[in-house]
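Let me begin by presenting the structure, written as structure tokens, before commenting on it.
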Amino acid sequence: AWIVQRTDVPFKRILSLLPFLGLTQPGEVRAIGLTFLFSPQIGSVNTWFMHIFHVTFPLFNIYSNNGLIFAHSIGGLPFAYLSMSAPIRGIDPILEESSRLTGGSLRMSMFHVTLPLLKPALIGTYLAMLPIGMANFDYPFIFGQAASAGVNTLATSIYNAITDSSPPDYNTAGALSLIYVLIAAVV
């Protein structure tokens with residue numbers, strides 16, 4: 001958001017519209033796309049990596065904790081961009097220019113002017129994204145439930161409590177969902 005709002009990057013108009021594309025796809029579709037890119041066996045990126053460098057191991061495994069973190073990060077980008085672009089636009093550019101004119105480097109201006117002004121928006125965006133990320137079911141179910149991953153999150157634990165036993169264990173699922181209620185109340 002900062003690059004699009006504050007710099008003269010080429011194709012600024014197109015870059016400002018790209019995050020909206022992420023909102024048009026369901027999480028399952030994005031997960032399937034990430035599988036076709038980063039699966040250790042069939043992923044295009046991993047296949048190209050193994051072919052180009054003549055190695056037998058994949059570059060990146062989407063069926064791991066790191067893969068889940070990557071998928072959540074990519075999935076949360078549109079919301080984070082939308083949450084942060086308005087506050088960045090709202091900062092008067094004269095403040096940053098004044099810092100640069102008085103001898104401050106770009107890095108100093110970023111850490112001493114821009115980020116302190118954006119701190120409330122950054123904290124608000126983080127607090128809004130935290131329960132969204134914790135409640136996400138698509139990526140942990142598709143990537144984490146794979147036999148090679150074995151990653152279990154709160155959302156998949158609730159799902160497994162209901163579907164893995166007969167009769168469904170609603171007591172465990174209800175107790176686990178209270179954690180979501182507590183998180184939402186705190187946030």
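The values are calculated or read from the model by the stated rules, or taken from the named source; none is laboratory data. The model shown is predicted, which means the values in this text are computed figures rather than measured ones. Using ideal geometry, Cβ is built from the backbone for each residue, glycine included, and neighbour counts are taken over all protein chains shown. Surface areas here come from the heavy atoms of the whole protein model, side chains and all, with no ligands, DNA or RNA. Shrake-Rupley method; radii C 1.70, N 1.55, O 1.52, S 1.80 Å.
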What order, most packed first, do the peptides 136-143, 55-62 have when packing is the mean number of other Cβ atoms within 10 Å of each residue? 136-143, 55-62
Calculate, axis by axis, the spread of Cα positions in segment 3-45 along the three principal axes, and write the results as whole Å, longest axis first. 40, 22, 12
Carbon and sulfur: what percent of the chain's accessible surface (1.4 Å probe)? 69
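Can you pull the Rg over Rh of the chain, Cα-only, Kirkwood? It would help to have the intermediate numbers written out before the result.
Numbers: Rg = 21.0 Å, Rh = 19.6 Å.
Reported Rg/Rh (Cα atoms, Kirkwood Rh): 1.07.
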With every protein chain kept in place and a 1.4 Å probe, segment 7-104 has an accessible area per residue in Å² of 65
Helical contribution to [θ] at 222 nm, DSSP H n ≥ 4, -39,500 (n - 2.57), averaged over the chain, rounded to 500: -21000 deg cm²/dmol
Taking every pair of distinct Cα atoms and averaging 1/r, then inverting, what Kirkwood hydrodynamic radius in Å comes out for segment 49-152? 16.9
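Calculated FRET efficiency, Leu178 and Phe49, Cβ-Cβ r, R0 45 Å, to nearest 0.05?
Working: r = 44 Å, r/R0 = 0.97.
That gives a FRET efficiency of 0.55.
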Specify, per residue and in Å³, the volume enclosed by the convex hull of the alpha carbon atoms belonging to segment 111-187. 99
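What does the highest-first list of 73-79, 161-167 look like by mean Cβ count within 10 Å? Spell out each step's value before the answer.
Values: 73-79: 15.9, 161-167: 10.7.
Top of the packing list down: 73-79, 161-167.
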Is there a quick way to get the dipole size of segment 90-175? I mean about its Cα centre, with the Cβ of Lys and Arg at +1 and of Asp and Glu at -1; what is the value in debye to the nearest 20? 280
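Taking the Cβ-Cβ separation of Leu17 and Asp164 as r and a Förster radius of 41 Å, what is the calculated FRET efficiency to the nearest 0.05?
Working: r = 43 Å, r/R0 = 1.04.
Result of the calculation: an efficiency of 0.45.
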